[in-house]
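Heads up, the thing below is written out as structure tokens.
Please treat every number below as a calculation from the coordinates, not as lab data. Keep in mind that what you see is a predicted model, and the values were worked out from it rather than measured. Every residue, glycine among them, receives a Cβ derived from its backbone with ideal geometry; neighbour counts consider all protein chains shown.
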Amino acid sequence: MANAKTFRLFISSPFNDFREERQVLHEKVFPKIDKYCNDKGYTFQPVDLRWGVSEEAQLDQKTLKLCLNEVKACKHYPHPNFLIMTGNRYGWVSLPYAIQKDEFESILEFYADNSVAISMLEKWYVEDTNHLMLNNSSHAYVLEKRDPNGEYKDWKEWEKEENKLRDILQTAAKELFEENTAQYNKYFMSATEAEVEEGILQYLNPTEFQQKLQTDLEKEQKNLPELDKDYVFGFLREITNIDSLDLSQEPAKLFIDKDQTKATVFKEQLIDALSKENTLESTVKLSTDIKKPFVDKKHLCEFEKFMIGKLTQAIDKQIDTKEVSALKQEQSEQLRFKILKTDTFFGREEELIQVQNYINNTCTQPFIVHGISGIGKSSFIAKAIDEVEEALTHTIVYRFIGATASSSNIRTLLELLITDLAEQDRLELPEKFEEDDDEFNVQIKALLETLMEPTVIILDALDQLQDKNHLKWLPLELPSNLKIILSMLDQKGYEYYYDLLKTNIDTANQLEIKPIDEDVAKEILDELLKKEKRSLTDAQYKYAIRKLKESNSSPLYLKIAFEEIKTWKQTDEKEELAIGIQKIIKEFIDNLTTKFHHDKAIVHKVLGLISASRDGLSESELLDLLSHDEDILSSLEKEENNNNLTLTIGGVKVRRFPISVWARLSEQLRPFVNERLIDGEKLITPFHRIIAETIEKEYYEDKKENLHKELAYYFDLENHLITQRSFNELPWALYKLDDFEELKKVILNHQIKALEENNELAWYTKKAYDKWDAATYIGDETYYEQQLRKLSSRNATYEEMDKRIYEFIVENFSNDSTIDSLYEYTKKLENSSKYMEFLIELAILVRFSMKNESFADIVKYITIYTCFELYEASFSYELNVLITDMFNAQENFPYGIYNNIFENSGVITKDYIAQLNKCFDNGKLNVSIFRDLYNKNSLDDYQKLTTHEMNQKANIKYGMRIENQNSQFLEAIKNENIDMLDSMIFEGTGMDISSEHLLEAIYAHSLSVVKFLIEASEEDIIHEYMNIKIDSYAEPKIPIVEAVKRRQLDIVKFLLINGAHSEIFDFLPEGSLFMFAILNKDLEMVKLLLKYGVDINQKTSWGHTPLEYALFCESPSIIEFLS
């Protein structure tokens, strides 16, 4: 897949004779390659279907099909993606799953006089008119499944029966069919050679799959034969002492075929197909000890070294240093989703004509498509897009919301949409997008109105947006060259967008997608059957159509039901389909266990984990999580004949979930999931909302706490490499667990760890507030945190980041007052949780600043100040990284910043740098030496930086308390004398800030003093109240209530943003903030309270709602607004 950051390596070999090599791969090679890829921001996933299983064939007799599908899947990932290991065994030859009718009957005729052969053939091969072959012109005889409770459940018993059946088929094939034809080869080709045939392009002739893959890659200007030859690897092992071994005894019979002809020919063909550089040929001697089959293990050491070297070399070559732009990635994923949705589209000609008429007429309104879930809106939209593209009359930009992470966020969606139009020269891209939401909406609307060429914008599934959007960006009166088509749900619980738009758009521009009629249903079913090379009996066909009708003729129902329908044989007369989409989903998932013999615990665990995740989970993440489930692993080992799932990696024993079990389940889940490419990872998510809701209800809801705990543990910093995935999933898991304290720690740890690693992951810390949805996860932000978050952008380059940091520094910390500005802010934060966050952000800012020459005049102050503050706060990790950067500044940053910061600052000299350098042992900070150095020098150095008497403040601890009734302090509040207030707090007068002082600031209507008191106080003064009157009828005074009474919009807004109470006040008759505003007939205050989340349904102690209270107070404007 384009842009995927996963290497998926398929390992092919005969089953029994490469256990030793396979163990070397899993214990020594793959862990190193996995770490190597992780360090570069990539994932490595080996696909070894023969590790962790005790037998080659599966009960359903479709082992070879599964293997070949996995080979094909790996070929869609970046190279390297195929490894072949072969020796002196040709390998297991699977029985053909299906044999064409005439061909099988010719075999029966061949054995007309052999009743034993006839009996065995008829026992295992059953005619199935539903299984089509030869371009659907004929049907097949199909191999029967092994009964999981029957005689042949045990592999050893089945192996005996299988060998007899294979001999019967091969004997007939030699006489009846021409050698080296496809008809002949299917009876003789081993599973290993079949995998090689699909996995190595240069091996014999290209297969149908390889031809299609080559065509696809040619469109990307890639040469598949060259790529394949460079990145496919082979290990060819030759046993040299065959003549001295008894081939009827173990281990020899497991390693050597008595007839070496096929193994030798296979090896020779591989030598021709593989490049010499990518092939390791080894000679070994076999022992007679089954536990130690090789005389020595020299070849295993060579193999380990060869594979590590070749894989790391190949990975280095393949890693693209030129990142694909966010827009290109979005376009690619949207195109893939569109193709998926048009795969089986039929009918709806009249509706498509209605859309075309809208596009071609002079209407200046948007056009809306609506309907219930599962009715086929997205497929209809996809087909409409195709028709617009084919007409070549309009520029078209489309998004299937929810198909990608970027399309689910309204801001990112619109930014990329505008960028898309700009790249097509349809409008001019703005220098920057507005940060304020209201201004951003105005900007987008204005940009759309500049379109001069005929343009169509199509957005499917507005209801898939992460947060409800008021669509203020959408012009209801469009420019003449622009058409906008929007689709949305129209059903109970999901009617928000339809209700928002339907009254503002003419009915002629509204299209309801209704259930498909019977003819269309038959067309879709026929096409699905054709693609799967299946048929149905008349009775089965009529039954399927009837069940579809009973389920509201939903295309989604038919798609899901078809996963059962396609398995029906002509003899299956008792198969039933549940009625309704959710029930058919539940039925299919139940059948995974009852009909297809998947472990119920594994099925439920996989679905539950996917549902619990934020963005979905990758294959490697699911395998890791399943590997942590001891109950599942123990059950597998027991069921798989005590198969050993234990590996010894770096001297530590670990158990791993076998990918062969996952591959079989994944194969059957594929039609129900979508793979979204997010941050370079293919993440598995339910492909439709109804499927997601059903899974959530059935397999997540009752186990959600444990599932989120597992995800939190897995993505925790101590257990997981820090990647964008951990940034996305860990905060989400903690958020769902309501563990907000741990969440705050995790955010800090993410930043600390990224700095400690001292690599590009520090970049992610600048994106964190945007990625983590800070408003959702963390709550309120300080002004500076808001500014730092605005510096972030998923799409920003390093140059853009530098520019934003520079603008931030210039705006907030001017030359003359840099240190004072920082000091004023940090002193207010020191004893709060925000203090640590800000210092880390400051350190990150400094590290990026050192890369830009234009920062030199300003950054020297911030750098030195930050060093001091980090030391004072005992942030040794951050200080270590920051000062190490300083030591390397002259070498790594060629802009002369080293001299600007250190030599010319008059503060930190080369001698001082040399002293600091002594504080490090092997790059790590020796805290005791550093402390001694700072105790000697830092105070003097610090004071040299100061302005405005900063030398008097340097050694004073922040936040000293003042006495409650200090009249001088209250007088300073009334006079808005912040300098005096500041001086009294920080010069040790003993003052203790309380809500009384906050009330005094409100009475003085001074927002600046309110801000100062809240930020300077260690106490929660916003939530306190006091009885200022002494008599028994004294009414409690609550700061925010007093501000509402005094119509102080600015103060009320500030208090609400900073967490002031907005619930019912039981001890006040009015009870609610709304009531005080209504009593004042203050409409603007009512609007403000509503905007900032105060509950409109709050009632007075007498039971009045705000509307009833407004009627009582006779306030017409408020009555009209609330109505």
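Some observations on this one:
- Computed over the stretch 368-479: relative contact order in percent, which uses C-alpha pairs under 8 Å that are six or more apart: 34
- The packing ranking, built from the mean of other Cβ atoms within 10 Å per residue, places the peptides 554-565, 1043-1054 in the order 554-565, 1043-1054, highest first.
- The phi-based Karplus calculation (6.51 cos²θ - 1.76 cosθ + 1.60; θ = phi - 60°) puts the 3J(HN,Hα) values of the stretch 546-552 at 5, 5, 5, 4, 5, 10, 6 Hz, whole numbers, x for Gly and Pro.
- For E527 and D154, the difference between the fully extended length at 0.36 nm per residue and the C-alpha to C-alpha distance is 130.4 nm.
- Projected label distance in nm at V126 and E453, using a 7 Å step from Cα toward the beta-carbon: 6.1
- Mean separation of Cα contacts under 8 Å (6+ apart) over length of the stretch 94-188, as relative contact order %: 30
- Residue order, fewest to most surrounding Cβ atoms within 10 angstrom, among F1012, F18: F1012, F18
- P(r) of the stretch 1-42 over all Cα-Cα pairs, binned every 10 Å from zero, in whole percent: 24, 44, 26, 7
- When you restrict to C-alpha pairs under 8 Å that are six or more residues apart and normalise by the size of the stretch 5-124, the relative contact order lands at 39 percent.
- Counted residue by residue at 0.36 nm each, then reduced by the alpha carbon distance between them, the extension gain from L335 to D716 reaches 133.7 nm.
- Cut-off under 5 Å, modelled amide H: who pairs with L617 long-range: I684
- Sequence-distant residues sharing a close amide H with V47 (under 5 Å, placed H): L9, F10, I11
- Computed over the stretch 600-738, the quotient of the alpha carbon radius of gyration and 2.2 N^0.38 Å is 1.05.
- Listed values for the stretch 108-123 are Karplus-derived 3J(HN,Hα) couplings in whole Hz (6.51 cos²θ - 1.76 cosθ + 1.60, θ = phi - 60°), namely 4, 5, 4, 9, 3, 9, 10, 5, 5, 5, 4, 4, 5, 4, 6, 5, and x replaces Gly and Pro.
- The label-point distance for A446 and K40, in a model that sets each label 7 Å from Cα toward Cβ, rounds to 4.6 nm.
- Near G371, the amide H atoms lying under 5 Å from its own belong to M488, D490, I513; only residues 5 or more places off or on other chains count, and H is placed 1.01 Å from N.
- Lys, Arg +1 and Asp, Glu -1 on Cβ, resulting dipole of the stretch 1-138 about Cα centre, debye, nearest 20: 1080
- Inter-probe distance in nm under a simple model that places probes 7 Å from Cα toward Cβ, at K549 and D438: 5.7
- Across the stretch 225-242, rounded Karplus estimates of 3J(HN,Hα) from the backbone phi angles (6.51 cos²θ - 1.76 cosθ + 1.60, θ = phi - 60°) give x, 5, 4, 4, 5, 6, 10, 9, 10, x, 10, 10, 10, 10, 7, 9, 10, 4 Hz, Gly and Pro being marked x.
- Sites M980 and R1046 - FRET efficiency at Förster radius 25 Å, r taken between beta-carbons, to 0.05: 0.55
- Counting charges near L429 (Lys, Arg +1; Asp, Glu -1) among other residues having Cβ under 11 Å from its Cβ returns a value of -4.
- Förster radius 45 Å - calculated FRET efficiency between K291 and N180, Cβ distance, rounded to 0.05: 0.65
- Ordered by the number of other Cβ atoms lying within 10 Å of each residue's own Cβ, fewest first, K160, K547 fall into the sequence K160, K547.
- Cβ-Cβ distance of A391 and K258, R₀ of 51 Å, FRET efficiency by 1/(1 + (r/R0)^6): the value works out to about 0.15.
- Alpha carbon centroid spacing (whole Å) that separates the stretch 334-368 from the stretch 81-131: 48
- If you count Lys pairs in the stretch 600-738 whose Cα atoms are under 17 Å apart, skipping same-chain pairs closer than 8 places in sequence, the total is 11.
- Going from the fewest other Cβ atoms within 10 Å to the most, the residues R534, R546 appear in the order R546, R534.
- Net charge of neighbours whose Cβ lies under 14 Å from the Cβ of A1004, counting Lys and Arg as +1 and Asp and Glu as -1: -3
- Taking every Cα-Cα distance in the stretch 326-512 and sorting them into 5 Å bins from zero, the calculated P(r) comes out as 1, 8, 17, 22, 24, 17, 9, 2, 0 percent.
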